[in-house]
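Remarks on the structure that follows.
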Amino acid sequence: MKKLRNSSISRIGKEFALSTADLRRIMREFRSEMAKGLAGGKSSLKMIPTYVDKPTGREKGDFIALDLGGTNFRILEIALKGGGRTGDPRIMKFVLQKRHVNGQGSELFDFIAGCMRKFLDKYRISDDKLDLGFTFSFPVNQTAVASGTLVCWTKDFSAKGVVGQDVVALLVRAFRKKGVDLVNVSALVNDTVGTLVAKAYQDTDCDIGIILGTGTNACYRESLSGIRKWRGPSTKSGKMLVNTEWGNFNKLKLNRYDTFLDAHSENKGYQILEKAVSGMYLGEIARLVLVNLVKDGMLFGEMGSKVFKKAVGGAKLFRSEYASEILGDRSAGLAATGRILASLGVRKTSTEERRVVRDVCAIVRRRAARIATAALGAVILEMDGRIARRHTAAIDGSVYEKMPGFAADMRAALVELFGSRASRIKLTLAKDGSGKGAAIVAAVAAGENRDSAHFSCGESVGKMGAVPIIKS
Ligand code: BGC
């Protein structure tokens, strides 16, 4: 069995291997797609101008944030105190049902508005008009700081009648129906932007925001002259955050498991990088590898359960959380792994078999971390070709936070790519930043509305009526 394990693991390892040269090739292709996306040409990277720049850290006041991007969504009220400080937020979490995620768009927005009503009632928020930052973690063609149309759904969302619509207008309409009149939606923010902005409120080196969770994406700080498709006015800083929507990058070498997963996905041909990197898919890739081993009679003998026999699966059969638990199993006989497999219907497993399962999870994780690092490397080189400055990447998401070895794999790949210059790149976990970041962007935008022309932050273009040309 041990020999068998070594040979099959090394074969699988080869199918998922990415050499340093491969990573460099990904970086090159990624930069070329970035350039095309920034110029408004055909590209798998949408490179969306966000109408915001980093905050100054001086923003102040009470703001509401609404954070929608997964099956949970949150409403927060946050006090920004200036000097990079915030008070403890008041938070309510809600769970979306299938009918919200995959039904009619109006059901989704009505539900959100109903939750907002509950939030305002619970905390008796009724006195003044409140500014709200709406974190909406999907590809949106932003047309102003507080408006933008949904390009396509990702992850497992498919609510009808929303693609092509202004999501802020849909939210405001739903608010009106529920009598939520006090809330003024003053910013629409991707979660990567929220994460970056929340970190940058305290750390001036922060110029990248990354999500490695159910989905994956990154935003970074670009010079306006570099955004060749930008047709809006200039900003004081001459910079703007750009949402890359890197999950859709499609110049990756795919193996048979990736091809199979994509072919059976809801959004075939799209979100190719996301399908190799994010939590929605990592477990499923590992499962597909295990299914093959079971089929070849190399794993679980007669014991293989449905979970490991079904060709077409989905994110819920062998969830990425299981892979995380297995990768964190430190017991000699991999007892926790045995328990997970038993819960999935494989009642009896040998230690060797559990090791195979763990090794497969590690192979899939390592490739994901290396791809994410190559993409990150490309973004850093775009900002600073010689990596002469310090860069902080604020990273949020369950894969980065909870998958043992993921952060270490990323750090190792950074050193592999950039040698000693990698020490200028800080990867930092920025938990739950997206809501706080949305509140900060709302503060910036609200400030601008009040002062009309140039507001204190001076680094966001806010609602200046600019309409960029985005072809992709
Ligand atoms: C979406 C991005 C989002 C990312 C992380 C992707 O599926 O397209 O907009 O930032 O998930 O939530």
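The values are calculated or read from the model by the stated rules, or taken from the named source; none is laboratory data. This is a predicted model, so every value here is computed, not measured. Note: ideal-geometry Cβ built from the backbone for every residue, glycine included; neighbour counts use all protein chains shown. All accessible areas refer to the heavy atoms of the entire protein, side chains included, with ligands and DNA or RNA removed. Shrake-Rupley method; radii C 1.70, N 1.55, O 1.52, S 1.80 Å.
Being of a type in the set (Gly, Ala, Ser), open to solvent by less than 10 Å² (accessible area, probe 1.4 Å) and within 16 Å of the ligand (Cβ to nearest atom) is the filter here, so list the residues in the range 271-303 that pass it.
Keep residues of the range 271-303 that are of a type in the set (Gly, Ala, Ser), which gives 276, 278-279, 283, 286, 297, 301.
Going one step further and asking which of them are open to solvent by less than 10 Å² (accessible area, probe 1.4 Å), we end up with 276, 278, 283, 286.
If the condition is that a residue be of a type in the set (Gly, Ala, Ser), open to solvent by less than 10 Å² (accessible area, probe 1.4 Å) and within 16 Å of the ligand (Cβ to nearest atom), then Ala276, Ser278 are the ones that fit.
The single condition among (1) farther than 16 Å from Phe175 by Cβ; (2) crowded, with 19+ Cβ neighbours inside 10 Å; (3) within 20 Å of the chain's Cα centre (by Cα) that Ala144 does not meet is (3). Check the range 118-125 and report whether any residue there is of a type in the set (A, V, I, L, M) and modelled with pLDDT of 95 or more. There is no residue in the range 118-125 that is of a type in the set (A, V, I, L, M) and modelled with pLDDT of 95 or more. The single condition among (1) modelled with pLDDT of 95 or more; (2) away from the ligand (no atom under 16 Å from the Cβ); (3) out of contact with any helix residue (DSSP H, G or I) (no Cβ under 6 Å at 6 or more places or on another chain) that Ala144 does not satisfy is (1). Listed by first and then second residue, the pairs linking a residue in the range 430-446 that is touching a residue at least 40 places away in the same chain (Cβ under 8 Å) and farther than 20 Å from Gly213 by Cβ to a residue that is outside any loop (DSSP other than H, G, I, E, B) and among the polar types (S, T, N, Q), with Cβ atoms under 6 Å apart and 6 or more places separating them unless they lie on different chains, are Ala442/Ser186; Ala445/Ser186; Ala446/Ser186. Among the residues of the range 327-360, which ones are within 20 Å of Lys402 (Cβ to Cβ), in a loop (DSSP other than H, G, I, E, B) and not acidic (Asp, Glu)? Once the filter is applied, which keeps residues that are within 20 Å of Lys402 (Cβ to Cβ), in a loop (DSSP other than H, G, I, E, B) and not acidic (Asp, Glu), the range 327-360 yields Gly328, Arg330, Ser331, Leu334, Leu344.
When you scan the range 241-258, how many residues do you find that are away from the ligand (no atom under 14 Å from the Cβ) and under 30 Å from Asp53 (Cα atoms)?
Just the residues of the range 241-258 that are away from the ligand (no atom under 14 Å from the Cβ), to begin with: 251-258.
When the remaining residues are screened for being under 30 Å from Asp53 (Cα atoms), the result is 251.
Residues that pass the stated criteria total 1.
The number of residues in the range 221-242 being surrounded by fewer than 24 Cβ atoms within 10 Å (Cβ to Cβ) and either of a type in the set (Phe, Trp, Tyr) or under 15 Å from the mean Cα position of the chain (by Cα) (or both) comes to 1.
Here's the yes/no breakdown for (1) open to solvent by less than 20 Å² (accessible area, probe 1.4 Å); (2) more than 24 Å from Asp396 (Cα to Cα); (3) out of contact with any Gly (no Cβ under 9 Å at 6 or more places or on another chain); (4) free of Cβ contacts under 8 Å to residues at least 40 places away in the same chain:
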residue	(1), (2), (3), (4)
Lys155	no, no, no, no
Ala169	no, yes, yes, yes
Ala174	yes, yes, no, no
Gly179	no, yes, yes, no
Asn190	yes, no, no, no
Asp203	no, no, no, no
Ile208	yes, no, yes, no
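If we only count helices (runs of 4 or more DSSP H) wholly inside the range 99-202, which ones have 3 or more residues that are more than 27 Å from Lys60 (Cβ to Cβ)? Where helices (runs of 4 or more DSSP H) fall fully within the range 99-202 and carry at least 3 residues being more than 27 Å from Lys60 (Cβ to Cβ), they are 105-122, 167-177.
When every residue of the range 28-41 is checked against the conditions, at least one turns out to be touching a strand residue (DSSP E or B) at 6+ places or on another chain (Cβ under 8 Å) and part of a helix (DSSP H, G or I).
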